[in-house]
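Some notes on the structure that comes next.
The values are calculated or read from the model by the stated rules, or taken from the named source; none is laboratory data. Being a predicted model, the structure only gives us computed values, none of them experimental. Cβ: placed from backbone, ideal geometry, glycine included. Neighbour counts: every protein chain shown. Ligands, DNA and RNA are stripped out before the accessible areas are found, and what is left, the full protein with its side chains, is counted by its heavy atoms. Shrake-Rupley method; radii C 1.70, N 1.55, O 1.52, S 1.80 Å.
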Amino acid sequence: MSYVDEVYERVVAQNPAQPEFHQAVREVLDSLRPVIERNEEKYRKEALLERITTPERIIMFRVPWVDDKGQVQVNNGFRVQFNSAIGPYKGGLRLHPSVNLGIIKFLGFEQVFKNSLTGTPIGGGKGGSDFDPKGKSDREVMAFCQSFMTELYRHVGADVDVPAGDIGTGAREIGYLYGQYKRITGLYEGVLTGKGLTYGGSLARKEATGYGLLYITKEMLKANGHDLAGKTVAVSGAGNVAIYAVQKAEQLGAKVVTVSDSTGWIYDPDGIDVALLQDVKEVRRARLTEYAKARPSAVYHEGKGVWTAKCDVALPCATQNELQLEDAKALVANGCIAVCEGANMPTTQEATEYLMKNGVYFVPGKAANAGGVATSALEMSQNSMRLSWTFEEVDAKLHDIMVNIFKNIDSAAKEYGMAGNYVAGANIAGFLKVATAMEAQGVV
Ligand code: NDP
Ligand code: 2IT
């Protein structure tokens, strides 16, 4: 059996009932075959693939807090410190009822390669909890965040592990987490990114994932002879990534006709009104039905279906495995030419294969959504220097980083005889830097 297959079987056997983690590992290992085959004995002797698929450390803890009725609630807390070969652990905290260890491991594993692609010195990690911030009062969210940090603080630090936002974790949660870290440790340091602008946050971090997604989408289309301007775009999600993807797509001359949330989706043929979307989601924390009420051109559909809308470019920005084989078929039938992932692993393996076989340009999340964590690394730099760059300075650096990521994944794919296969390009380019650093540092 090949070394790649051996390691995949080991991962499945040792991590039972973690399908998302298996899926993420499978995609990466499949792409790495040509790289591993060139040096199979060396990698096998070093057990490099066993090491890179095993987190350096997993922290799991109890998070007790008191709700507004005086009832004690208990949630599960996680931090997976996956790989520190190229820098301190870095990655978001997800707060969603679906969170379990397998999901955090898949996200931490993806983060290792994504962070490597950014070209900045950050390792990979991820954390979170099955706490659901939806419908909770600000006081309840604060009680949860303070309890969560009361355990997490001993495992993180500006040069150790630097968490940030993800699904369910936005500016409010980061603020409460930061306050509790400072209170316990007495340290005013860049232990979290995505901070508010009054206490060490970076301009353009909030916009960065969505903006970066559009910068790389535009670059990839240009390299293949297409122009983003004038294209019709379908976006899923209505959170941090989706909102700023819509805003940048419109600034670049495309028309965005959809957004979605966990209950339904909007079709707006006049183009999504991003100011209204921000008001509904960022200010009122309401459902998309409120968007439809305020906008006569918009139609609200209950449930799934966002990928049935006719579009040239699809940008899944909600959650894992939201774009399935039937969705891929609908996109191809409607003439979609590109899918670029704003979310982490939003496209199932079968859907990805179908899209690529049918000539749809496909940029995987670890490249396409890397602008968020890249700008987190810029926030860390500014915190270390104790200064702040302007919005334009950060945005220009983000743009350069995304253009470079595209160049690197494009040339890695070409070097291994798979021109245009950006999945392979991203996995190979991300892997090589981490593997080289691990080899240099010996058996650790
Ligand atoms: P938010 O919490 O701000 O928004 C998430 C959006 O996706 C919401 O509209 C939410 O709907 C929807 N959603 C979440 N879970 C589900 C589900 N199970 N089914 C259907 N819809 C769902 O998160 P972000 O925008 O920050 O994150 C979106 C994706 O992007 C995630 O995959 C995340 O890991 C990834 N990502 C985020 C980065 C960041 O900087 N924030 C960076 C890189 C990747 P509702 O409003 O109803 O909850
Ligand atoms: O998935 C991701 O890259 C994020 N949620 C952002 C992580 C970060 O540290 O900014």
For the chain, calculate the relative contact order in percent as a whole number, restricting contacts to Cα pairs under 8 Å that are 6 or more residues apart. 15 percent
Provide the gained length on full extension for the span Gln71 to Ser384, in nm with one decimal, where the gain is 0.36 nm per separating residue minus the Cα-Cα distance. 108.6 nm
Using DSSP to define loop residues, name the trypsin sites (Lys or Arg not before Pro) in the stretch 205-296 whose beta-carbon has at most 14 other beta-carbon atoms within 10 Å. Arg284, Arg285
Are there trypsin sites (Lys or Arg not before Pro) in the stretch 78-170 that DSSP marks as loop and that have at most 14 other Cβ atoms within 10 Å, and which are they? Lys134
Relative contact order for the stretch 30-103: what is it in percent, counting Cα pairs under 8 Å that are at least 6 residues apart? 23 percent
Cβ-Cβ cut-off under 13 Å around Leu355, Lys and Arg +1, Asp and Glu -1: the net charge is -3
Tally Lys/Arg at +1 and Asp/Glu at -1 over every other residue whose Cβ is under 11 Å from the Cβ of Pro316; what's the total? -3
I need the chymotrypsin sites (Phe, Trp or Tyr not before Pro) found in the stretch 223-270, filtered to DSSP loop residues with at most 14 other beta carbons within 10 Å of theirs. none
So, in nm, how far is label Leu276 from label Arg10 when the simple model puts each one 7 Å beyond its Cα toward the Cβ? 5.5 nm
Could you check the spin-label model distance between Asn334 and Arg57? Points 7 Å from the Cα along Cα→Cβ, value in nm. 4.6 nm
Could you do me a favour and compute the accessible area per residue for the chain, 1.4 Å probe, result in Å²? 39 Å²
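Relative contact order of the stretch 66-181: what whole-number percent is it, with Cα pairs under 8 angstrom and at least 6 residues apart? If you can, show how the numbers build up before the last one.
Values: 214 pairs, mean separation 39.4, N = 116.
Computed value for the stretch 66-181: 34 percent relative contact order.
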Summing +1 for each Lys or Arg and -1 for each Asp or Glu, what net charge is found among the other residues whose Cβ lies under 12 Å from the Cβ of Leu276? -2
Could I have the simple spin-label model distance between Tyr199 and Ala17, label points 7 Å from Cα toward Cβ, reported in nm to one decimal? 3.8 nm
Isotropic mean projected area of the C-alpha convex hull, the stretch 357-427 (nm²): 5.5 nm²
Here the FRET efficiency for Lys222 versus Val299, based on Cβ atoms and R0 = 35 Å and rounded to 0.05, is 0.60
Give the lysines whose C-alpha is closer than 29 Å to that of Lys69, dropping any in the same chain fewer than 8 places away, or say none. Lys134, Lys136, Lys182, Lys281
Return the lysines within reach of Lys433: Cα separation strictly under 18 angstrom, same-chain partners fewer than 8 residues apart disregarded; answer none if there are no such residues. Lys42, Lys90, Lys114, Lys366, Lys407, Lys414
Excluding ligands, DNA and RNA, the carbon-plus-sulfur percentage of the accessible area of the chain with a 1.4 Å probe reads 52 percent
